Amino acid sequence: MTEAGRLFVISGPSGSGKSSIITEVLDLADIDFSISATTRLPRPGEVNGTHYNFVSRHDFEQMIEDGELLEWAEYNNHLYGTPAKPIAAANEIGRDVLLDIEIKGARQVKDNRPDSIMVFISPPSMEELERRLRNRGDTSDEDIEDRLEIASEQMAIAEDLFDHIVVNDSFTKAVDEVLRLITDES
Ligand code: 5GP
């Protein structure tokens, strides 16, 4: 019988380097990416059905009502959620799945799937996080303030919720640590 696939939840503040780490890990590891639904608009370069399923608020609310989401949360005035079915289908045939979600959703996944492997990507410091967010240049001052506030709240609860905390003081080291978690715990 095929052994069931595992669920890796990767969370961490915006600007922690989480997205770049996940992109690299997906390139190198044999793992599926869970494509979230979101009500926010695509950024340049983002492809519908690859990075996200971009949906209207109406359609998103319908997905909630129909019980299609494993978890969902509001973040920066937009809704984000993880469709449950593709994960169940992948896990059933032995495929591991990786979720890139914020912390409120991570908590819901932990409640619904206590077997999930919970990974938190932490920036080296709040000062470094602020510097990174400002350097990105695609985020307004107000947005940066919001994201910093969310980040400090997240860091405070991370210790309890997550099985592994990966400090992103070096990109290659952080990628290696996540890869090791995925390959080691099979
Ligand atoms: P962004 O808009 O920068 O792509 O994502 C903003 C935040 O939403 C990130 O922390 C990202 O991990 C999170 N996120 C993306 N998809 C989901 C999802 O399906 N559920 C939840 N709860 N958060 C998500």
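Every read-out reported here was derived from the displayed coordinates using simple, explicitly stated rules and does not represent laboratory data. Everything numeric in this text was worked out from a predicted model, so none of it was measured. Backbone-built Cβ (ideal geometry, glycine too); neighbour counts: all protein chains shown.
Quick look at the values:
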read-out	value
Surrounding net charge for ARG107, when Lys and Arg each add one and Asp and Glu each subtract one, Cβ distance under 11 Å	-2
Point-charge dipole on Cβ atoms (K/R +1, D/E -1) for segment 7-184, about Cα centre, debye to 20	280
Residue-by-residue Karplus 3J(HN,Hα) for segment 30-36, coefficients 6.51, -1.76, 1.60, Hz, glycine and proline x	8, 8, 8, 9, 7, 8, 7
Phi to ³J(HN,Hα) by Karplus 6.51 cos²θ - 1.76 cosθ + 1.60 over segment 68-83, Hz, x for Gly, Pro	7, 9, 5, 7, 7, 7, 9, 9, 6, 6, 10, 9, 9, x, 9, x
Under 15 Å from LYS18, Cα to Cα: aspartates and glutamates that are on another chain or at least 8 residues apart	ASP27, ASP100, GLU102, GLU128, GLU130, ASP169, ASP176, GLU177
Amide H partners (placed H, <5 Å) of SER36, local residues excluded	ASN53
Listed peptides 69-82, 94-107, 126-139 by packing density, highest first (mean Cβ within 10 Å)	94-107, 69-82, 126-139
Long-range HN-HN contacts of LEU70 with modeled amide H, under 5 Å	THR82, ALA84
Sequence-distant residues sharing a close amide H with ILE121 (under 5 Å, placed H)	SER11, GLY12, VAL166
